[in-house]
Every structure is written in structure tokens, then in C-alpha cells.
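A short write-up of the structure that comes next.
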Amino acid sequence: MSLASERLALPRFARKHGQLRPVVERVLRGFLSQCAAEALAEYVRRRLGPACRPGIVVSTSTVGDLVQWHPHPHLLTTDGAFSNDGAFHPLESWDAETVMKLFRERLLARLVERHAISEELARKLVAWTHPGFSSHIAEAIPFENKKAIEDLACYLVRAPLSLQKLVYLDGQQAVLYRSRMNPSLGRNFEAMDPLEWLARLADHIRLPRRA
């Protein structure tokens, strides 16, 4: 048995449609984990049979490289599934696009149900040639490689920021945070007022008793 890693990301859509990511506010982000797990389980059932169930661990991250609001679930799952008799059935391959579509279907349905978006907007998103949603599936990790599995598990629950990337410019009363190049922003840093920085961090604090 081996373990696979998935990352599911939400799209951005600008101009008159606004953006989808802000819609998934803190009170709704628990749906991300549920939809991701349901999509993955459904994919496995279609491939291996209705009685097969994969082992799934989901961790929802809300931060991008520059600590911006970017909700997306990370999953650690068995590279296959278990049947009712306890036997393990490996998957020969994964189809990232199919996983993405199953996730999109469930998430949009939840958002429509909660009146967070309209049915018309959900239909438009599904009809787009480039859906904006994405799914990344990493190479499976052999079960015997405990160190790699532990490292990946730590990545799933890592802190939202790195102190090594953070600099406080005392003379300028500013916070500077450096990371990888952000394609949408066209830069690899954020510079802001300290209070603005604290407000940005507060966005990623989970509400009490919320998933």
C-alpha cells in the first residue's frame, strides 16, 4: 500500500463576476474539506467499486504564498481503497481532472444551497472552457517510507507563515514578507502597515467550534 497526496484549488474569476475565493468565508470553509473528501471517495468508488473506501486525511489551508486569503484543501489518502473484507485494492492511476470536476460539482452545490452564489453563476462556472479550479496529484509515497509520510503530514498542518520570511522595518513602521513569485500579483513580497498585517493574519484564525 502507498499514499497519495492531492491539492485542490479554487478559481479566481474577475471583472463583473467578482471573485469566488472571498465567497468561501470562514463560516463556509469547512465545506471545502467535506467536498474534497466526498469527491475523492466518489472517484475511488467509480474506479474500484461501490463498496471500496479510501483512507483520507484532509487539512484546509487558507493562505497563499504571501499570506493572502487563498482557501484550498490538502489531502493525504491511500493510493487505493479497502473493501468490506479488509482487503486493499490499489489504484493504477489517478485522473486529476476528474477529481477536480467532482470537487467543483460538490462545492458549487453547497454554495448554491447556502445562497452564497446563484444557480446561474454555478452553471456559468461549469460551462467555462477553463474552469479555474485545479487539482494537483503528487507521486505516491511507499508505505515503508515513514519519513516522507511524516514530512508530508507536517506540511498539511504547517503554520500559515514563516518567521524567516518576515521582516519588521522599524524605521518605516512597515512589515515586509517575502516568498515565491506570485503570478497574479507579479511580485514576490508584500509590504504593509503593521495593523494591516495583523488584520491579514486574523483572517486565517478559525472561528470557535468551526471546522
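Derivation of every value follows stated rules applied to the coordinates shown; laboratory data play no part. As the structure is a prediction and not an experimental result, all values here were calculated from the model. Glycine gets a Cβ as well: all are built from the backbone with ideal geometry, and neighbour counts include every protein chain shown.
In terms of modelled amide H atoms, which long-range or inter-chain residues lie less than 5 Å from the amide H of Thr60?
Hits under the 5 Å cutoff: His74.
Let me make sure I get this right: for the stretch 91-168, a, b and c are the square roots of the gyration tensor eigenvalues over alpha carbons, sorted descending. Under 1.5 in a/c it's rounded, otherwise prolate if a/b > b/c, else oblate. Which is it? Mind showing how you got there, number by number?
Details: a/c = 2.74, a/b = 1.47, b/c = 1.87.
Cα axes put the stretch 91-168 in the oblate bin.
Percent antiparallel among DSSP beta bridges with both residues in the stretch 42-154, to the nearest 5? If you can, show how the numbers build up before the last one.
On the way: 11 of 11 bridges.
Percent antiparallel among DSSP bridges in the stretch 42-154 is about 100.
Pop out the ³J(HN,Hα) list for the stretch 93-99 in order, Karplus 6.51 cos²θ - 1.76 cosθ + 1.60 with θ = phi - 60°, rounded to Hz; leave Gly and Pro as x.
7, 10, 10, 4, 5, 5, 4
Could you point to the residue in Ser83, Ala138, Ala41 farthest towards the positive end of the stretch 35-168's charge dipole, with +1 and -1 charges on the Cβ of Lys/Arg and Asp/Glu respectively?
Checked the options; the winner is Ala41.
Can you give me the long-range amide H partners of His70? Hydrogens built in the peptide plane at 1.01 Å from N, cutoff under 5 Å, separation of 5 or more residues or another chain.
HN-HN under 5 Å from His70: Val63, Gly64.
In whole Hz and in residue order, list the ³J(HN,Hα) couplings for the stretch 36-48 that follow from phi through the Karplus curve 6.51 cos²θ - 1.76 cosθ + 1.60, θ = phi - 60°; x for Gly and Pro.
5, 5, 5, 5, 5, 5, 5, 4, 5, 4, 5, 7, 10
In whole Hz, what ³J(HN,Hα) sequence does the stretch 68-76 give by Karplus (6.51, -1.76, 1.60; θ = phi - 60°), x for Gly and Pro?
The phi angles translate into 7, 5, 8, x, 7, x, 10, 10, 10 Hz.
For Ile117, what residues show an amide H to amide H distance below 5 Å, using hydrogens built from the backbone and excluding near sequence neighbours?
Excluding prolines and chain starts, which carry no amide H, the hits are Val112.
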